[in-house]
Amino acid sequence: MPLPDISPTCSAGRKDSDPEISHAGEVKIKEPATAKSENSAEKSAGFAVLCSFVIPGLGQIYNGEVGKGVAMLFGTFIGVIFFIIPGIVVWIYGIYDAYATADKMSKGSIPFKPNNPFNLIVFLFFGLFIEVIAFFLTLRSIVYWLE
């Protein structure tokens, strides 16, 4: 059964391209396959992985998840300082999470979150500072255990 081009209740034209009518009489509107929301943009999953590989949590900051990025940085820092292996596990999980989140945002399955370039730059320098401290503290603890 074809639908009328003008709604009888509001006299507005239909904007859907391909409606479906179920056996129960419900109208389901199909969105065009190529349509993206007006506010969406693409996140590069590869760039998110690179960011998280260089500085733990930077990929999350790129994805617009500042709290998660800070948690990844400090989780990796604490894990590496005290236990080494758990820190590496948190770091690898952060790389995976940055990839998966950027991929889902690009596909539109989760809401797009814009990133703030200022947050990226500040987190980059702060992360480098934390990495240098972690490196020297880890090196110091290895030397201590070898003595």
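Rule-based calculations on the coordinates, nothing more; no lab input. Nothing here was measured: the structure is a model prediction, and the numbers come from that model. Cβ atoms come from the backbone with ideal geometry, glycine included; neighbour counts cover every protein chain shown.
Structure data summary
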quantity: Selection status of Lys68, of a type in the set (Lys, Arg), under 21 Å from Lys43 (Cα atoms) and buried (at least 18 other Cβ atoms within 10 Å of the Cβ); calculated: yes
quantity: Those residues of the range 49-61 which are of a type in the set (A, V, I, L, M, F, W, C), within 13 Å of Trp91 (Cα to Cα) and outside any loop (DSSP other than H, G, I, E, B), in sequence order; calculated: Val49, Leu50, Cys51, Phe53, Val54, Leu58
quantity: Where a residue in the range 84-108 is at negative phi and its partner, wherever it lies, is of a type in the set (Ser, Thr, Tyr) and surrounded by fewer than 16 Cβ atoms within 10 Å (Cβ to Cβ), with Cβ under 7 Å and at least six apart; calculated: Ala102/Ser44
quantity: Scan of the range 97-124 for residues that are of a type in the set (Phe, Trp, Tyr) and either loosely packed, with under 11 Cβ neighbours inside 10 Å or part of a loop (DSSP other than H, G, I, E, B) (or both), ordered by number; calculated: Phe112, Phe118
quantity: Positions within the range 79-96 being under 15 Å from the mean Cα position of the chain (by Cα) and loosely packed, with under 14 Cβ neighbours inside 10 Å, in sequence order; calculated: Tyr96
